[in-house]
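Below is one structure, written out as structure tokens; comments come after it.
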Amino acid sequence: MGGAAAHLPHWAYLALMLVGLYAAIAKPNLAKKVLGLGIFQTGIFVFYISLGFKFGATAPVVTGDPETVYANPLPHVLILTAIVVSVSTMAVALSLIVLIKRAYGTTEADEIAALEVEDEP
Amino acid sequence: MNELALLAGLLALVVATAVGTVQARNLYAATILLGIYSLLMALTWTLLHAVDVAFTEASVGAGVSTILLFAALVRIGGRETENQSNLHLPALLLVLLLGGLLAYGLEDAPAFGDPDAPVHRRAAAFYTSLESYHLSHSKNLATPVLASYRGYDTLFETAVIFTAGLAMILLLRKESAGSPAEAEEIAEDPPAAEPDAVDPGRSARLLGRPGGAPRDLGRHPVLSKVCKTVVPFVVVFGLYVITHGELGPGGGFQGGVIIAAAFVLVALVFGLPRARQFLPRAWSDALAGVGVLVYAGVGLTTMALGGTYLEYARLALDPEHPAGGQTLGMTLVEMGVGVTVAAVMATIFSEMVED
């Protein structure tokens, strides 16, 4: 295992993190920022899960054959709870955006900033 | 080698979908793309032998979060404004700089799939040994890590989910139970009358409530029949997944989400009031806390029995076989997790669609 294959998932998580981060910074729409952060987060999930992978191993469910090698379940556990936590935190972020929409009538960060400037004396 | 080619293909699709999600101007389209992204992710997890994660991703990512985003978009509007330049140069430079640094750091990362990587030594070597199986009697080697060895971690993850549900209630719930005058005052408060403001009746219509012209999907013969047939099985399957986390992929997190999915399905087809007949608001509010209390209570019980916090071996009915205590303890905390997750997911969904 040399060359590109040795780091295959690493390139994917790098790409996902960067795409997500770009969206979170560059896109003025607040919902789009939340989606971007979600993608950033899944990039980190790919990093963790690929750490747990071993060539020649199988899913960590006991097979009965004592020679079986299993994938490392620790990253799996960390990430499966993180996925459920991520949907919960996304829901809180979305409800904050609902309140922002109610207060400002828009969900674009630049328009909100403009409204804030207008309000100042 | 075939596996690697498949993985490369899947990851390429995943990255392409992520770019599509970010670029889509229509946020409904972005949400659908994100759902596809999640399904591709679930396949990737399976290929990487993370079956429990795949299970969670399929139920949460492709199911609950898609519905939740739709419900939010109905309220906040589904289009980005057009008056923006396509490229944000400072962000691009920052992202490229970070990417360069991380790529440079990859030089030193252990090769993908190396069975001797540092991450597989020490405690992890125990987690994948048959010793762990004999200690916990859990065929699924991920479950004892989740519910037993890292039980504190999972307890607080559950508390975070509970807190998120609480935050949703505090942010979005109206005090309809308050005095009638107060309720009227809220009702008179007009929504922002922007030209592009979202029609407030839309979400009501989505749920077929008397407020708007009811869509009433429940009258659609195919939908109502399928929904009525499927829902009991979904609930039973959810309970099975919660209680059989030791035998195969599954556990409280996945099972809880599956049960909440049954609630969401009933709400989508027959309206939220109908779904609330199965799970009244007061019940879901209480159950969200009960799950955490069950989990924390198991820890206090083991302490009362003379052990340390969450030392399940103390729960063994037969002291000669502490594995029985492990099974009992893990099943109990998985049930606690399942109850909290199901209740909070139902709360999150209903607070988001109710206006």
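Can you find, among B:Val269, B:Leu33, B:Thr302, the residue sitting farthest towards the positive end of the charge dipole of the protein assembly as shown, where Lys and Arg contribute +1 and Asp and Glu -1 at Cβ?
B:Val269
Counting only helical runs of four or more DSSP H residues, what would the 222 nm mean residue ellipticity of chain A come to if each run contributes -39,500 (n - 2.57) and the total is spread over all its residues?
After summing the helix terms and dividing by the residues of chain A, the value is -24500 deg cm²/dmol.
Averaged across the residues of B:153-160, what count of C-beta atoms belonging to other chains lies within 10 Å of each residue's C-beta?
3
Of the candidates A:Pro75, A:Pro60, A:Pro28, which one comes out as most mobile in a Gaussian network treatment of chain A with C-alpha springs shorter than 10 Å?
A:Pro60
With springs connecting C-alpha atoms under 10 Å apart, model chain B as a Gaussian network and identify which of B:Leu101, B:Leu247, B:Leu310 has the largest mean-square fluctuation.
Highest fluctuation of the listed residues: B:Leu101.
In peptide B:132-139, how many Cβ atoms from other protein chains are near each Cβ within 10 Å, on average?
2
Classify region B:1-78 from the C-alpha gyration tensor, please: rounded if a/c falls under 1.5, else prolate or oblate depending on whether a/b exceeds b/c.
Taking the square roots of the gyration eigenvalues as a ≥ b ≥ c, region B:1-78 is oblate.
Using a simple charge model, +1 on the beta-carbon of Lys and Arg, -1 on the beta-carbon of Asp and Glu, nothing else, what dipole does chain B show about its Cα centre, in debye to the nearest 20?
It comes to approximately 980 debye.
Sorted by packing (mean other beta-carbon atoms within 10 Å per residue), highest first, where do B:53-66, B:120-133 land?
B:53-66, B:120-133
Given axes a ≥ b ≥ c from the Cα gyration tensor, I'd like to know whether the protein assembly as shown is rounded (a/c under 1.5), prolate (a/b larger than b/c) or oblate.
oblate
Quick one: with all protein chains in place, what share of the accessible area of region B:1-78 is carbon or sulfur, to the nearest percent (1.4 Å probe)?
For region B:1-78, the apolar C and S fraction of the accessible surface comes to 77 percent.
Could the peptides B:113-119, B:40-46 be put in order, highest first, of the mean number of other beta-carbon atoms found within 10 Å of their residues?
Order by mean packing, descending: B:40-46, B:113-119.
Report, in debye and to the nearest 20, how large the dipole of region A:3-119 comes out about its Cα centre when Lys and Arg carry +1 and Asp and Glu carry -1 on their Cβ.
200 debye
Can you give the translational diffusion coefficient of chain B in µm²/s, computed by Stokes-Einstein from the Kirkwood radius over Cα pairs at 10 °C and 1.306 mPa s?
Roughly 68 µm²/s, to the nearest whole number.
Leaving out ligands, DNA and RNA, and with a 1.4 Å probe, what % of the accessible surface on region A:13-56 is carbon or sulfur?
Ligands and nucleic acids excluded, carbon and sulfur give 75 percent.
Working from Cα positions, state the angle (0 to 90°, nearest 10) between the long axis of helix A:73-104 and the longest principal axis of chain A.
Here the helix axis deviates by roughly 10 degrees.
Defining a contact as two alpha carbons under 8 Å apart and six or more residues distant in sequence, what relative contact order in percent does chain A show?
23 percent
For A:Tyr70, which sequence-distant residues (separation of 5 or more, or a different chain) have an amide H within less than 5 Å of its own amide H, given hydrogens modelled in the peptide plane?
So A:Tyr70 has HN proximity to A:Thr58.
Okay, helix-only estimate at 222 nm for chain B: each DSSP H run of n ≥ 4 adds -39500 (n - 2.57), divide by all residues, round to 500 deg cm²/dmol; what do you get?
The helix-only estimate for chain B comes to -21500 deg cm²/dmol at 222 nm.
So, by mean Cβ neighbours within 10 angstrom, what's the order for B:317-325, B:275-283 with the highest one leading?
Packing proxy ranking, top to bottom: B:275-283, B:317-325.
Quick check for you: with a 1.4 Å probe and neighbouring chains kept, what is the accessible area per residue of chain B, in Å²?
Dividing the accessible area of chain B by its residue count gives 48 Å².
Would you tell me the mean number of C-beta atoms belonging to other protein chains that fall within 10 Å of each C-beta in B:116-128, as a whole number?
Average per residue, whole number: 4.
Could you derive backbone 3J(HN,Hα) for region B:308-320 from the dihedral phi with the Karplus parameters 6.51, -1.76 and 1.60 (θ = phi - 60°), listing whole Hz in sequence and x where the residue is Gly or Pro?
8, 4, 6, 8, 4, 4, 5, 7, 4, 6, 10, x, 6
Can you tell which of B:Ala313, B:Ser224, B:Leu239 lies farthest toward the positive end of the dipole of chain B, using +1 and -1 charges on the Cβ of basic and acidic side chains (Lys, Arg; Asp, Glu)?
So the residue furthest toward the plus end is B:Ser224.
Straight-line reach only, C-alpha to C-alpha below 19 angstrom: list the lysines that A:Lys27 could link to, leaving out same-chain residues fewer than 8 apart.
A:Lys101
In Å² (nearest 100), what accessible area is buried between B and A, both sides summed, heavy protein atoms only, 1.4 Å probe?
Approximately 7900 Å² gets buried when B meets A.
Just check region A:3-119 against the gyration tensor rule for me: Cα atoms, a ≥ b ≥ c as the square roots of the eigenvalues, rounded for a/c under 1.5, and otherwise prolate or oblate depending on whether a/b exceeds b/c.
It is oblate, given that a/c is not under 1.5 and a/b is not larger than b/c.
Which of these, B:Ala111, B:Ala16, B:Ala103, has the largest mean-square fluctuation under a Gaussian network model of chain B (Cα springs below 10 Å)?
B:Ala103
Pairs of alpha-carbon atoms within less than 8 angstrom and 6+ residues apart define the contacts here; what relative contact order does region B:1-78 have, in percent?
29 percent
Quick one: compute the contact order of chain B, relative version, from alpha carbon pairs under 8 angstrom and 6+ residues apart, as a percent.
Result for chain B is 19 percent.
The values are calculated or read from the model by the stated rules, or taken from the named source; none is laboratory data. Every value quoted in this text rests on a predicted model; they were computed, and no experiment measured them. Using ideal geometry, Cβ is built from the backbone for each residue, glycine included, and neighbour counts are taken over all protein chains shown. Areas reflect the complete protein model, heavy atoms only, side chains present, ligands, DNA and RNA absent. Shrake-Rupley method; radii C 1.70, N 1.55, O 1.52, S 1.80 Å.
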